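These notes are about the structure you will find just below.
Each reported figure results from applying straightforward, stated rules to the coordinates on display, with no laboratory input. For clarity, every value in this text was computed on a predicted model and none was experimentally measured.
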Amino acid sequence: MTNRTRIASNEPQAAPPSPPPLNDGTPAEAADQRYLETCAAMFADATANRHLAELADNLVWTLAHIAVNCGVGVTGDMLRDFGNHVCRIEARRQAEFEAQQAKEEGRLPH
């Protein structure tokens, strides 16, 4: 998932309906797009069908396998990135909440 996608939204987002052919970018970009689309679809399904716990369990299991197979450094990177994502999402939610409050009170958000 690109930083642009991570910063732009609080929720996982699916790619545009017609993604560019895989040969338009690097193999890493193509993989990033596929994984983003897959994760967004899984999140949407889990939310719609009230299976977030099952999705979270399977994602954590997959991350555990990545950690075991890739080592301590990668595990640290994953935990750091997770914390950064949580902080960005929460900051965005707080800003949106404050902007909505300001709008309801007739003030311009800053």
Once phi is turned into θ = phi - 60°, what whole-Hz ³J(HN,Hα) does the Karplus curve with 6.51, -1.76 and 1.60 give for every residue of segment 68-76, x standing for Gly and Pro? 5, 7, 10, x, 5, x, 5, 4, x
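Determine the shape class of segment 70-110: with a ≥ b ≥ c the square roots of the Cα gyration tensor eigenvalues, call it rounded for a/c under 1.5, and otherwise prolate if a/b is greater than b/c, oblate otherwise. It would help to have the intermediate numbers written out before the result.
Details: a/c = 9.50, a/b = 6.43, b/c = 1.48.
Because a/c hits 1.5 or more and a/b exceeds b/c, segment 70-110 counts as prolate.
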